[in-house]
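Below: the structure, in structure tokens.
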Amino acid sequence: MGVFDFVKSVGTKLGLVEEEPPAAAEVKKELDSHKLGTEKVDVEVQGDKVLLKGEVADQSVFEKAVVAVGNTLGVAKVEATELKVAGTAARQPVFYTVKKGDNLWKIAEAHYGKGNGAKHTVIFEANTPMLKHPDKIYPGQVLRIPEL
């Protein structure tokens, strides 16, 4: 698939020291805590880049795994070239980086067209369990935008 960019200075804090990238074991534990079906995914950390390798059941798990790992404090890139979807290559996902003043309604209208703000629930559901509440998004956070 490729390398996905994230904002290194925002996200879930895993380690004790903010200036250092998180350890691979901490990232794997965080990824598995979402219960996405990532048991066959290996995590490697190279500086501020996380490499995901292995296999997931479907495209949504692939995208959620990338977002869950990327939205970690200290992670600037996620490389998923060796992460497969049930033995095949994954499709190119659509991600969106939240900006100041954004909300899910505005993001839905931007991606699905004017008058489709009510589709914000689709975006929220596509990002659970990483998102716990639709009003709890923050600038720099990366969300997956599913097809309708």
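Derivation of every value follows stated rules applied to the coordinates shown; laboratory data play no part. Keep in mind it's a predicted model, so treat the numbers as computed, not measured. Cβ: placed from backbone, ideal geometry, glycine included. Neighbour counts: every protein chain shown.
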Looking at P129 and the list (1) farther than 17 Å from D32 by Cβ; (2) exposed (fewer than 12 other Cβ atoms within 10 Å of the Cβ), which single condition is not satisfied? (1)
Pick out, from region 36-148, the strands (runs of 3 or more DSSP E) lying fully within it that include 3 or more residues that are among the aliphatic types (A, V, I, L, M) and either farther than 20 Å from F6 by Cβ or touching a helix residue (DSSP H, G or I) at 6+ places or on another chain (Cβ under 7 Å) (or both). 41-46, 49-56, 77-85
Are there any pairs with C-beta distances below 9 angstrom linking a residue in region 58-69 that is in contact (Cβ under 8 Å) with a residue 60 or more places away in the chain to a residue that is of a type in the set (S, T, N, Q), with the two at least 6 apart or on different chains, and if so which? K64/T38; K64/N127; K64/T128; V67/N127; V67/Q141; A68/T12; A68/S33; A68/T38
